[in-house]
Structure formats: structure tokens, C-alpha cells
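Quick notes on the structure that follows.
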Amino acid sequence: MTDTTLLNPTGFAVDNFTAILPVTCNASCGFCPEKEMSDKLPWALWINGLVDAVNTTHARYGYDHISLSGGEPSLDSNRLQETLNALLNRTPIKKIGLTTNGLFLESPAKLARFVSSIYSDPNTPAISFMNISRHAIRTGDNNRIMGVKYHHTLCDIALFRKAYFPEDFSFHINCVVSDLASLVTLAEDLRIIHDWLSQVRITWVVRLDYALVSKRGIKDTASEAVMIMTQNLHDDFHMVSECPTCKTFGFRNHPRVILKLATHEPTEHESIFRELIYHQNGELYYDWGRRRPVNLFPTDPTV
């Protein structure tokens, strides 16, 4: 058995590596941590740097999958496909997830290009799980939050999920809520559509805006958010997982609904860094805000 303390002298555990593709985004979500990050590395440098970063850190930090995000990855299907191929063919990683805002569902041509980018093998998707960002159940409400003019609906998302992925494929809708009043309406609607979510095998993940949690405090926000969810779902909650930076709640009779609350970004005083973030500028950090860079060679006295 490998001594992980030698591979990882920092002692920090990492359960995810996120790579943010250096592409723009067609949406303007107010809570997006990348919306102000415009310093994108040239493509060839970025993708080669990504491969190097993964190969340097994989054994040391122990993560088993990579999440691809943006920007909006489906805006450039060629670069998305190239990233998937590079990770699968040039690194040890074989499990890759993708987060997208669903732009590719807006036309048959966009859908065809997107599907071709994630299916280099006609029988097996190159991705292992998928998240579609949608911040309200109703399309009009979602459009206002995201600053887009989408026409596709939840039913279109369900048809896409059924057409292109096996039944056991992990498929989530990521929904960020910026105020507790909106959480009341969302919880009521989720109770109504939960049976449908189960039928189409889609899990709705509710995340509270980090700015809201920071302003009110995690204890008070978590207590009120859980109360809102349980009262409007007419259900009991249970703790799914908890770490120094995030709390995850599930609901007994609504297994297709999950509530996540991020308390803060981790610091060097904690035993767990939840993620490594490879940013659009080709640099690797422990956090989305680019405040904590990763030293790729911590045992090298010259660094």
C-alpha cells in the first residue's frame, strides 16, 4: 500500500479537481465566481498545462475524477472534445464530469455538435456525470436569473438525458438560490414535480448563494433553509455529509432533492481542501477566488 503522507506532504485531502475551460459565457449569473475572470491563457498553453497539473497532482492528492466547467463549455465543442480526449488519453483520470448551462439545447445544430464532442466513441460517453445549471423551474424565471433568452424547458432536458445516457448515469440540475423567499417557492415546486424527477432520473441540487450564507452566517442560514425545505416538501431531512466547508442535506421521501450549503472556502488551517481549481489563466489554486495557489513541488527547497 502506498504511503499517502509521502505523496501528499501537506496532509490535505482533495476530493475533486475542477478545470475551468478558457471560454467565454453567454449568461450573466450574478453569483458566478468566474464572471470577472477575463485573463484567459492561450488554448494550447492552457490544455498542456492542464495535463501537466493533473499528472503532477493526481497521486499526491488522491482525487479520482475531474469536473469541467466554464465559461460555457458547449460554446466551443471542439475545445471541449479536445479537453476530454487529452484527459482520458494523457492522464490517469478516467472519470470526468461536465457542468453546462444547457445552451446546446437551443437548436438541433448546437445539440448535434455538443453530442459529438462528448461521444468520441459512438457507444460510450466520454463523461461520467453531468450537471446542467438551471436556477428556477420555470423557464422565464431561469432566464431572468441567468440573463439569457432560452426556449428549452425541463422536459427538453429530460428528453436529452433519456436519449443520450444510460439509466444509471449521474445527471444533476444545479440550482443556485440567492434569497430565502425564492427557496420557499422552489421547495413547493419541487414537491410537486418530485415524482417526475424520479421518473426521468434527474436529481435537483439546491445550493444557496455563497454571498447569502456569508452575510447571514452558516448556522442561522442552514437552520432556516432546512426548515423551509422540510416544511414545503412536507418531509424530514437527514445529513448526507459534512466537512469543514460544506453541509449536504437529503430528504427522506424526496431522494431526488439535495440541499448543499457551502460555509466558506478552506484555509491552510483545515485538514481538507475540497478542490483543486485549474483556472482559465492556467494557474492552479485551492480556491475559486484565486487566493490560495498550489505549490506543485512542495518538497523542492528551491521553490
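Side notes on the structure shown:
- Solvent-accessible area, 1.4 Å probe, carbon plus sulfur percent, for the range 53-120: 47
- In Hz, Karplus ³J(HN,Hα) per residue of the range 144-161 (6.51, -1.76, 1.60; θ = phi - 60°; x = Gly, Pro): 5, 5, 8, x, 10, 10, 6, 10, 5, 10, 4, 5, 5, 4, 5, 5, 4, 4
- Inter-site label distance for Thr56 and Asp15 at 7 Å from Cα along Cβ, in nm: 2.6
- Label-zone membership for the range 116-152, site Leu159, 7 angstrom Cα→C-beta point, backbone N under 14 Å: 151-152
- Under 20 Å from a label point set 7 Å out along the Cα-to-Cβ vector of Asp179, the amide N atoms of the range 214-242 belong to 214-218, 220-229, 232.
- Residues of the range 97-121 with amide N under 19 Å of a point placed 7 Å along Cα→Cβ from Asn89: 97, 114-121
- Secondary structure note: in the chain, about 30% of the DSSP beta bridges are antiparallel.
- For the residue pairs Lys219/Lys260; Lys219/Lys247; Lys162/Lys247, the alpha carbons lie more than 19 Å apart in Lys162/Lys247.
- Computed accessible area, His135, all protein chains, 1.4 angstrom probe, square angstrom: 20
- Built amide H within the under 5 Å cut-off of Glu72, gap 5+: Thr24, Cys25, Asn26
- A 1.4 Å probe run over the protein chains yields, for the chain, 48 Å² of accessible area per residue, whole-number rounding.
- Under-5 Å amide H pairs with Ser67, H placed in peptide plane, nonlocal only: Phe17, Thr18, Ala19, Gly97
- Low-density loop cleavage sites - trypsin sites (Lys or Arg not before Pro) in the range 107-153, where at most 11 other Cβ are within 10 Å (DSSP): Lys149
- Relative contact order %, the chain, counting alpha carbon pairs below 8 Å whose residues are six or more apart: 21
- R0 of 22 Å, Cβ-Cβ distance Arg290-Asn143: FRET efficiency to nearest 0.05: 0.15
- FRET E, pair Asn48, Ser241, Förster distance 30 Å, beta-carbon r, rounded to 0.05: 0.30
- Placed amide H near Ser133: partners under 5 Å, 5+ positions off or other chain: Thr100, Asn101, Gly102, Asn174
- Computed over the chain, the range of Cα coordinates on each principal axis works out to 58, 47, 39 Å, biggest value leading.
The values are calculated or read from the model by the stated rules, or taken from the named source; none is laboratory data. Nothing here was measured: the structure is a model prediction, and the numbers come from that model. Reconstructed Cβ throughout: ideal geometry from the backbone, glycine too, with neighbour counts over all protein chains shown. Please note that ligands, DNA and RNA were not included when accessible areas were found on the heavy atoms of the full protein model with its side chains. Shrake-Rupley method; radii C 1.70, N 1.55, O 1.52, S 1.80 Å.
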